[in-house]
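Reading through the structure tokens given below for one structure.
The values are calculated or read from the model by the stated rules, or taken from the named source; none is laboratory data. None of the values given here were measured: they were computed from a predicted structure. Here Cβ is always computed from backbone atoms with ideal geometry, including for glycine, and neighbour counts include all displayed protein chains.
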Amino acid sequence: MNNVVKKILAGQDIEAIFDYVIDSLYKNGPISVCDMEILSLLKLYHNDIFEEHKNSIFNYMALFYKDVKSNTLQEVVFGQYKKYLEEKYSKHYTPVQANIIKGIDNNNCFSFSAPTSTGKSFVFMDKILETNNDVVVIVPSRALINEYYLKLNESITDKSVNILTFIDKINTRYANRNVFIVTPERCRELFKLKNDFNVDLFLFDEAQLSDENSKRGLYFDSIVRRCYKAYPDSKFVFAHPFVKNPESQIEKNHFKSDNLLAVQFKQKSVGQLFLCADDLWNYYHFGIDKSVMGKQKHLCPFDPIEQTIKNAGSVLFYVSKAKIYNKKFITRFSKYIDLCDDINDPKADYYIQQIKEYTGGETNSLRSHYSQLISFLKRGIVIHHGSLPLQIRLLIEQFTKDGLCRLCFATSTLEQGINMPFDVVFLDRLDGSKPLAVKNLIGRAGRSSLSKEFDFGYVIVSSPGRMPKFRNIMQSDEILDNVSLLEKEETQDDDYNDFKKAIINDTYSDEYNLTEKDLQKLSDDDIDSVIKDILDSVFQNDSLIPLSVLTSASQNRLELYAHFQRLYCIYLGRNLERGEQNVFNTAIKIILWQVHGKTFKNICWYRYAYASKSHERENLEKLGQSTDRLEAAFFTEHKDLPDKGINVYSKLNGIKAKDVDYDLIMFDTYDYIDKLIGFKLSDILYAAFYKYYERKTDLRALKLAKIIRYGTDNERHIWMLRYGMSFEDIELLEKHIDDINSTQIFFKDSINSVPDEDKTSILRFLN
């Protein structure tokens, strides 16, 4: 069989092509990209004939959940297999799902890879539900934590099961077991409490994170090994997409048992069509395997993106973060953005209102806090990238799952296993993209459904010139390293090497999230005077000095920044360069706002008012003067620390004050809070102040340490945070709580008057 794309478009040899692909399905199953392409093309262009063969296709693909009938002898054979699986598992499992169950049940360690549409999450939910004792699910991102949390809350109605997104021993009066959903970094808390839990199952989802050549990859491997050391009798499951050698997890982590299994599943349940677009938005079909599908591209008689939008479908555009920040994606894809009118749906209004309240952004372009991100949501247009605040990311992902998204402009953050399917995936970029990341994004094209239809999606590359590279990516094997970073040679990065040694030598502190070497630097006597200077500057009569007093005199502010800098320089072992100083001072300013209870919205407003010179513009406007020539203030964007190469420059250089982009301020503020403060500075500062408290019993240091770690030193509020409530929840629910401790939450009768949507975080603790 050859030139299949051309023949299907021309209507030639259609029955022969059906015979070819159905025979291949019968013999091999749905493992070939080529077969799935052919089926998708036949479904699209020859649906009437496809309907005649549909039962055979569904049977041979083992899509038993579509309730297919068996008409021929061959189909009856598959029907018997379907009955066997139903009798054995009491579920409409596919053979792949049944084999995943079998692999988990029969092995101490089971590592597998499978395409994104396999339905593994359905299997995982069942295994978590039927496990007798504790379960730990480890995922690469906090967004994926939320996805698991929502699904598990729906499937596990038994309130004697704690479903927690952190490791803690709480609700002990009622909870018989726990399901923990954590990132590798949060999982470290498990080892402090390891004797309190009886873990039956460790489930590592999106386990390809272990192949990252970074501290995260190193830390992932260390968590696997520590879990295995602490709970050697537990089951360990590793799940990956599109990986040829899932056995790498068993080899690199030295699992020792007779019951070890690794399997690569290639079976697909969703078809895909591959096209390219030219500069005039003409689309062309092409095939991955040139020997079967043909070497040439062939004109598609319609615009698949336009058709999808008009049919109420959704499109994912994979673009660079730079294009999102400089707004070039709007011009590039204006043809499709213009097709999206306002959505008239109360659910959309709800999500938009929630995001406005959290970010302080506005949808009115004439208002100073105008947010294009929020305004676009009114038209079903979503923006998704790594600098999007987590709370907003979660709302946007739910917005998409509720069918409200028409267009999504995203970077590779969607690669991390988040279940957001689309009808079309448009790859605007391939350069610099990791093949596994691209395959993961491609896996978003096509929705696996329960309907009795063949499901397929469109994958489009942005130019014909990218066809060869795309074909190479699709035909290449993704192979994970079978030697752990823990066992590789040292690098030139001293910080990385120190971290690695601490992990290997078991001198890494779970309590402080720092190495023993780092803790020693933060505990030496020469740091005491620095910490005392900070405490004297931040406190007055053992109470926090009001923020207005702290920032009213620039000299006070500069001295305080200098004290914090001295502390960080002692930790670092060197002085900061000018560019580093600017970034560090901005981070300290944000920390001080947080210490004084300022919300994310407040901090964004402060930074926007400064950058856009809003007060100065208001005064000029009152005097009837123009603000057109007023330049934006000097603005230090987020950079990672330490880095001697950070330049001294303003992110808003050359931008008018009135044109400052509120979204840019929001994204940059989140980067500071999440990536620099949350992942680095907070651990250093907490350890420094807490260790000082232990040495000097200065209660001011304990108070500041708690505020840095939890955002508050109020013990009642800390307990509420430990039960999974946010600060917004605390504000709403505290007055309805009589008492709270490790055993349970004691609610007042007034809790019954609180609307259900405000009680989401505590529903499992209501009895």
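Below, the figures for the structure above:
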read-out	value
S314 touching a residue at least 12 places away in the same chain (Cβ under 8 Å), farther than 30 Å from L273 by Cα and of a type in the set (G, A, S)	no
Filtered residues of region 733-750 (kept if farther than 19 Å from A175 by Cα and surrounded by fewer than 16 Cβ atoms within 10 Å (Cβ to Cβ))	E734, K735, D738, K748, D749, S750
Positions within region 443-469 being out of contact with any Cys (no Cβ under 8 Å at 6 or more places or on another chain) and in a helix (DSSP H, G or I), in sequence order	G465, P468, K469
Residue match in region 282-291 (condition: over 18 Å from R471 (Cβ atoms), at pLDDT 95 or above and outside the structural domain of P30 (by TED's automatic domain parsing))	yes
Region 329-364, residues that are of a type in the set (K, R) and either surrounded by fewer than 15 Cβ atoms within 10 Å (Cβ to Cβ) or closer than 17 Å to R406 by Cβ (or both)	R332, K335, K347
Region 318-328, subset touching a helix residue (DSSP H, G or I) at 6+ places or on another chain (Cβ under 7 Å) and either surrounded by 20 or more Cβ atoms within 10 Å (Cβ to Cβ) or modelled with pLDDT of 95 or more (or both), residue farthest from L441 (Cα to Cα)	V319
Any hit, region 488-497, residues being modelled with pLDDT of 85 or more and surrounded by 15 or more Cβ atoms within 10 Å (Cβ to Cβ)	no
Selected residue [of a type in the set (A, V, I, L, M, F, W, C), more than 30 Å from V21 (Cα to Cα) and not assigned by TED's automatic domain parsing to the domain that holds E37] from I305, I330	I330
Pick from region 375-397, criterion in contact with a Lys or Arg (Cβ under 9 Å, 6 or more places away or on another chain) and part of a helix (DSSP H, G or I), ranking: modelled with the highest pLDDT	R393
Some residue of region 659-673 being among the charged types (D, E, K, R), modelled with pLDDT of 90 or more, farther than 30 Å from Y370 by Cα and surrounded by fewer than 20 Cβ atoms within 10 Å (Cβ to Cβ)	no
Condition broken by F454, with the remaining ones in (1) crowded, with 17+ Cβ neighbours inside 10 Å; (2) under 26 Å from the mean Cα position of the chain (by Cα); (3) hydrophobic (A, V, I, L, M, F, W, C) satisfied	(2)
The listed residue being within 25 Å of V123 (Cα to Cα) and in a helix (DSSP H, G or I), out of Y81, Y93, Y20	Y81
Any hit, region 48-61, residues being part of a loop (DSSP other than H, G, I, E, B), surrounded by 14 or more Cβ atoms within 10 Å (Cβ to Cβ) and touching a Leu at 6+ places or on another chain (Cβ under 9 Å)	yes
Matching entry among F499, F470, F454 (being touching a Gly at 6+ places or on another chain (Cβ under 9 Å), in contact (Cβ under 8 Å) with a residue 60 or more places away in the chain and among the aromatic types (F, W, Y))	F454
Positions within region 212-231 being farther than 15 Å from K192 by Cβ and hydrophobic (A, V, I, L, M, F, W, C), in sequence order	L218, F220, V224
Residue within region 189-200 that is of a type outside the set (D, E), modelled with pLDDT of 90 or more, within 29 Å of S726 (Cβ to Cβ) and in a helix (DSSP H, G or I) present	yes
Those helices (runs of 4 or more DSSP H) lying entirely in region 655-767 with at least 2 residues touching a helix residue (DSSP H, G or I) at 6+ places or on another chain (Cβ under 8 Å), within 22 Å of L164 (Cβ to Cβ) and of a type in the set (K, R)	699-710
Residue that is surrounded by the fewest Cβ atoms within 10 Å (Cβ to Cβ), among those in region 74-116 that are acidic (D, E) and in contact with a helix residue (DSSP H, G or I) (Cβ under 9 Å, 6 or more places away or on another chain)	D105
Lone unmet requirement of (1) surrounded by 12 or more Cβ atoms within 10 Å (Cβ to Cβ); (2) free of Cβ contacts under 8 Å to residues at least 24 places away in the same chain; (3) in the same structural domain as Y692 (by TED's automatic domain parsing) for E511	(2)
Index of the failed condition, P246 passing every other in (1) within 23 Å of S121 (Cα to Cα); (2) surrounded by 17 or more Cβ atoms within 10 Å (Cβ to Cβ); (3) in contact with an Asp or Glu (Cβ under 7 Å, 6 or more places away or on another chain)	(3)
Filter pass, K88 being modelled with pLDDT of 80 or more, charged (D, E, K, R) and farther than 24 Å from F238 by Cβ	yes
Inter-residue pairs, beta-carbon under 6 Å, first assigned by TED's automatic domain parsing to the domain that holds L676 and in region 574-586, second outside any helix (DSSP H, G or I) and of a type in the set (K, R), 6+ apart	E577/K644; V583/K639
Top-ranked residue of region 152-187 - restricted to ones that are crowded, with 20+ Cβ neighbours inside 10 Å, touching a residue at least 60 places away in the same chain (Cβ under 8 Å) and under 22 Å from the mean Cα position of the chain (by Cα), ranked as nearest to E511 (Cα to Cα)	L164
Residues satisfying the stated conditions in region 381-402, i.e. touching a Ser or Thr at 6+ places or on another chain (Cβ under 8 Å), closer than 14 Å to Y350 by Cα and touching a residue at least 60 places away in the same chain (Cβ under 8 Å)	T400
Options V461, V424: the member that is among the hydrophobic types (A, V, I, L, M, F, W, C), out of contact with any Leu (no Cβ under 6 Å at 6 or more places or on another chain), more than 17 Å from G119 (Cα to Cα) and surrounded by 21 or more Cβ atoms within 10 Å (Cβ to Cβ)	V424
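Yes/no per residue for (1) more than 29 Å from I442 (Cβ to Cβ); (2) touching a residue at least 40 places away in the same chain (Cβ under 8 Å); (3) part of a helix (DSSP H, G or I):
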{"site": "K229", "(1), (2), (3)": "yes, no, yes"}
{"site": "P246", "(1), (2), (3)": "no, yes, no"}
{"site": "H254", "(1), (2), (3)": "yes, no, no"}
{"site": "S257", "(1), (2), (3)": "yes, yes, no"}
{"site": "L261", "(1), (2), (3)": "no, yes, no"}
{"site": "W281", "(1), (2), (3)": "no, yes, no"}
{"site": "G287", "(1), (2), (3)": "no, yes, no"}
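Residues are listed down the side, and each one gets a yes or a no for (1) under 24 Å from S548 (Cβ atoms); (2) surrounded by fewer than 17 Cβ atoms within 10 Å (Cβ to Cβ):
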position: L592; (1), (2): yes, no
position: C604; (1), (2): yes, no
position: R607; (1), (2): yes, no
position: S626; (1), (2): no, yes
position: F635; (1), (2): yes, no
position: D640; (1), (2): no, yes
position: I646; (1), (2): no, no
position: G654; (1), (2): no, yes
